[in-house]
Every structure is written in structure tokens, then in C-alpha cells.
Amino acid sequence: MRVVFAGSPDISVPSLVRVSSFFEVIAVITNPDKATGRGKKMKCNPVKEKALELGLKIIQAKSLGSEVRNILSDLKPDILVVFAFGKIFGPRFLSVFPMGGINVHPSLLPKYRGSSPILSSILLGDTETGISVQRINLEMDTGAILDQQVIPLFGDE
């Protein structure tokens, strides 16, 4: 299976490593490098760092328009795998992937959709959280849930 992986922060890196150990990752889509710190030095994100280490093709773009779609179409991907990428995928972008897309989300969906599900679980005193694997839908975090793993919370996180 020819996989395109999309993600940027630290939490995405283990999924990239795991997917690349089982499947052919033909490209990694990640957010552009950004200037950080007092010196405003350009810094790449953790997913880009790991993709470089793994020798994977990297695509960094502010938007997922026709230029990115054309690059991906030429690569002939089968499926998109996403963990914490932070962009909503439109129908034209998703049409590039014959098998659609899979999203890994750090919560027990549908309870906490959006960008801060781990913090929400802890701050609201939940006794458990987890990981959900779902189909990518046009609306964020609304696709069919394929699998979930429950992780207990003990109140001292």
C-alpha cells in the first residue's frame, strides 16, 4: 500500500515510524518550517525531522491546493494517514486517495473533537481517555470509527 502521511507535532512521530515500518510511505505532508526564538531561526517540526531521518519525500505547503494535489497524484498514492496535521481536507484533495484517509485522534471520539482532546480529558476529570482510529470525513473528526484503545486516567496526570 502506498501511503501519504500527514502530521507535524511530536505526538505524530511514533505513528509515522510505525506506518513506515509496515507500508511504503511515498510522501510526508507537514507544516512549513517557521521562525522561532529570539533570533527567529528557522526550525522544522518533529515530523519533518523524522521524515528526513527516514529518507522520506517531504511536502511542506501552507495550503493543500492544486499544486500539492498534482504532486500527490503523480506519486499514485493509495491512502492518506493523518495524526495531528491541523488542516481540514477538502473533497478535491481527498479524491487523490483511492482508499480514502485514516485519522488517528488522541481521544475516545466522539467525546472530544478538535485540537485539545488530551487536555480536555484531564482538566474535566475523566477516568479514561484513549486513541481513536477513524475514516476521514469532510468535517473534522466526524468519520466512522474503525478502532479505539482505552487508556485509564488516574487523576495525577
Revision key, fill the gap. Trypsin sites (Lys or Arg not before Pro) in segment 1-75 lying in a DSSP loop, each with at most 16 other Cβ atoms within 10 Å of its Cβ, come to Arg38, Lys40, Lys57, Lys62
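Would you please calculate the Kirkwood hydrodynamic radius of segment 1-88 over all C-alpha pairs and express it in Å, rounded to one decimal?
The answer is 13.3 Å.
Quick one: net charge of Lys40's neighbours, Cβ under 14 Å, K/R +1, D/E -1?
Combined, the nearby Lys, Arg, Asp and Glu give +3.
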Review point. How far is it, in nm, from the label point at Met99 to the one at Met42 when both lie 7 Å from their Cα along the line to the Cβ?
Key: 3.4 nm
Practice item. Would you please give the FRET efficiency between Ala61 and Val17, computed as 1/(1 + (r/R0)^6) with r the Cβ-Cβ distance and R0 = 30 Å, to the nearest 0.05? Key: 0.85
Study note, to complete from the structure: Whole-Hz Karplus couplings 3J(HN,Hα) for segment 3-13, θ = phi - 60° and coefficients 6.51, -1.76, 1.60, Gly and Pro as x, run 10, 10, 9, 10, x, 9, x, 3, 4, 7, 4
Check your understanding: Of all accessible surface on the chain at a 1.4 Å probe, what whole percent is carbon and sulfur?
Key -> 56 percent
Practice item. Just add up the charged neighbours of Thr129: K/R +1, D/E -1, any other residue whose Cβ is under 12 Å from the Cβ of Thr129. Key: -2
Check your understanding: Which residue fluctuates the most in the chain, going by a Gaussian network model with Cα springs under 10 Å, if the choices are Gly90, Gly130, Gly39?
Key -> Gly39
Check your understanding: Taking only C-alpha pairs under 8 Å that are 6+ residues apart, what is the relative contact order of the chain in percent?
Key -> 19 percent
Check your understanding: Calculated from DSSP H runs of 4 or more alone, at -39500 (n - 2.57) each and per residue, what is the 222 nm mean residue ellipticity of the chain, nearest 500?
Key -> -7000 deg cm²/dmol
Study note, to complete from the structure: Rounded to two decimals, the Rg over Rh value of the chain from Cα coordinates and the Kirkwood Rh reads 0.98
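What percent does the relative contact order of segment 73-157 come to when contacts are Cα pairs within less than 8 Å and at least six residues apart?
Numbers: 146 pairs, mean separation 22.6, N = 85.
Relative contact order of segment 73-157: 27 percent.
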Practice item. Please list the non-local residues whose amide H lies under 5 Å from the amide H of Gly143, H modeled 1.01 Å from N, same-chain partners needing a gap of 5 or more. Key: Asn137
Review point. Summing Lys, Arg as +1 and Asp, Glu as -1, what charge do residues with Cβ under 13 Å from the Cβ of Asp74 carry, Asp74 excluded?
Key: +3
**Study point:** Å² per residue, accessible surface of segment 23-154 at 1.4 Å
**Key:** 58 Å²
Point to revise | Sequence-distant residues sharing a close amide H with Ile59 (under 5 Å, placed H) | key: Val28, Ile29, Thr30
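The values are calculated or read from the model by the stated rules, or taken from the named source; none is laboratory data. The structure displayed is predicted, hence computed values, not measured ones. All Cβ positions, glycine included, derive from the backbone under ideal geometry; neighbour counts span all protein chains shown. Calculation scope for accessible area: heavy atoms of the full protein, side chains included, ligands and nucleic acids excluded. Shrake-Rupley method; radii C 1.70, N 1.55, O 1.52, S 1.80 Å.
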